[in-house]
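As structure tokens, the structure follows; a few thoughts come after it.
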Amino acid sequence: MTDRTDLIEERLAHALRALDDLSETVARQDREIARLTARVEMLLMREAEREAEGSGGVVLGNERPPHY
């Protein structure tokens, strides 16, 4: 019976270690997602400000750029 108990305890220890590793991975990914979300929001705000200023400088169709 002792061998069976040792085997169960060993498997439980491995399972707990795997659970801890997965938990750390999920926490790290959550922080990374939050950081990337903040960066995307900052870039979207920056682009909206650029569009509001009218400095996009996009030439459409046959329009001549302003320096001609």
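The values are calculated or read from the model by the stated rules, or taken from the named source; none is laboratory data. All of these numbers come straight from a predicted model, not from anything done at the bench. The area values use the complete protein model at the heavy-atom level, side chains included, leaving out ligands, DNA and RNA. Shrake-Rupley method; radii C 1.70, N 1.55, O 1.52, S 1.80 Å.
Quick notes on this one:
- Residue match in segment 34-54 (condition: of a type in the set (Gly, Ala, Ser), modelled with pLDDT of 95 or more and open to solvent by less than 100 Å² (accessible area, probe 1.4 Å)): yes
- Which numbered condition residue 60 misses (of (1) open to solvent by 100 Å² or more (accessible area, probe 1.4 Å); (2) part of a helix (DSSP H, G or I); (3) modelled with pLDDT under 95): (2)
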